[in-house]
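Everything on this sheet refers to the single structure shown next.
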Amino acid sequence: MKILHTSDWHLGQSFFTKSRKDEHQGFIDWLLQQVANEQIDAVIIAGDIFDTGTPPSYSREMYNQFVVDMQKLNCVLVVLGGNHDSVSTLNESKQILACLNTFVVASTGISIDEQVFTIPDKQGQPAAILCAVPFIRARDVLQSVAGETGLQKRQALGEAIKQHYQTLYQIALTKKQDSGLDLPIIATGHLTALGVSQSESVRDIYIGTLDGFAADGFPPADYIALGHIHKPQIVAKSEHIRYCGSPIPLSFDELGKAKQVMLVEFDGARRTSLQPLEVPIFQPMQVIKGDLAAIEAALQAFKHQPLKTNPADLPCWLCLEVDSQDYLSDLQQRIQSMIEGANVEVLQLRRSRNERRQLLSQMQSETLAELTPEDVFAKRLAMETFETDEQQQTLQQVRQRFSQILSVVEHQETDA
């Protein structure tokens, strides 16, 4: 039995106004090739197939076509709902997709028996038992109690999730025993496990109640396929509990590690192989940090870059993090002149985090009596990031309005 574990596709995402359609299509084509080459029996998508609850039509078309292509390859598909997914959007095609070898579990608000099922291999024989756990909404597993403290609510939710996993696992054990077959038990999840490393694109999903789920709350399944965290990683030093991560970078801080899907192979209930398959890069992206001189030198390198490093001739999407002691009101114009003639697009322009920390530290030691209104205004603006042309126009309008207000105040003080 061969299983591919993937998650957090976020079809339909807009990245600083840029569509990810071509990247997602490139990944889907690559994934289908892996399914064919490796003779995969099942693909599990552990949540966040879409980026929003109302995905654009093109992303729904990609999703539907992927299901059809998987059916042609005689591969089972399991789709779990994530915190970005709309339960109703996933459920609207659930019955049709069931006829195409696809299981959809959008939420835990369904019969328990529908959340535990057997996955067949390519010959149609039972090959694994799946405890299909999507993103768990508190209302589906917990009843609120009047007078509970915040701590009690967090503990109650954590215990309810743990109990839900145990309930499904016991049903899976019963199914395994009744089948008389040596089948592996696989569990899924779309949540934040304690101790994992997150990225900027990950949205907190238990705000105000549960910050993270303890790994000892998972059942002793043979493999646990997790989603929600976009960086691939092992949970609690347990090789069989994995986040595979998103297939494409969903924020610039995800560029440090290769993207992957997990290939898991079983011989009966015994796991014989667990290996990551590295996902190719479909869109060049890079983060450049430093002062203006260092950034200009790095940008110059793009102007002399041989075409063979970028066969598709795609512009490299850049995040520029500027380390400067000055406010640099003309920073946007300076950067525009630096990238002239380079095959790049600057999607994010911001001050370095060190500089932001210095500004905050300086603010804490200053008093308003030491600052002019212009100082306060400039320091507040320095804490913000203005990337797009529209934001730059808004910034100019705010500055003009501030100058007008300041002029009126000064005139009134003079008259007084």
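Quick notes
- Sequence-distant residues sharing a close amide H with Gly47 (under 5 Å, placed H): Asp8, Leu80
- Rounded to the nearest Hz, the phi-derived 3J(HN,Hα) couplings of segment 282-294 under the Karplus curve 6.51 cos²θ - 1.76 cosθ + 1.60 (θ = phi - 60°) are 9, 8, x, 9, 7, 10, 10, 10, x, 6, 4, 5, 5, where x marks glycine and proline.
- Label-point separation in nm, Asp291 to Thr372, each point 7 Å along Cα→Cβ: 2.6 nm
- Here the contact order of segment 94-184, divided by its residue count and restricted to Cα pairs under 8 Å and six or more residues apart, works out to 28 percent.
- Other-chain or far-sequence residues with amide H under 5 Å of Met285's (modelled H): Trp317
- Euclidean distance between Cα centres, segment 1-59 to segment 255-289, Å: 13 Å
- Modelled spin labels at Gln39 and Asp22, positioned 7 Å past Cα toward Cβ, are 3.7 nm from each other.
- Per residue, the accessible area of segment 1-98 comes to 36 Å² when a 1.4 Å probe rolls over the protein heavy atoms.
- Peptides 97-103, 224-230, 315-321, 239-245 ranked from most to least packed, by the mean per-residue count of other Cβ atoms within 10 Å: 224-230, 239-245, 315-321, 97-103.
The values are calculated or read from the model by the stated rules, or taken from the named source; none is laboratory data. Keep in mind that what you see is a predicted model, and the values were worked out from it rather than measured. Glycine gets a Cβ as well: all are built from the backbone with ideal geometry, and neighbour counts include every protein chain shown. Accessible surface is based on the protein model in full, side chains and every heavy atom, while ligands, DNA and RNA are left aside. Shrake-Rupley method; radii C 1.70, N 1.55, O 1.52, S 1.80 Å.
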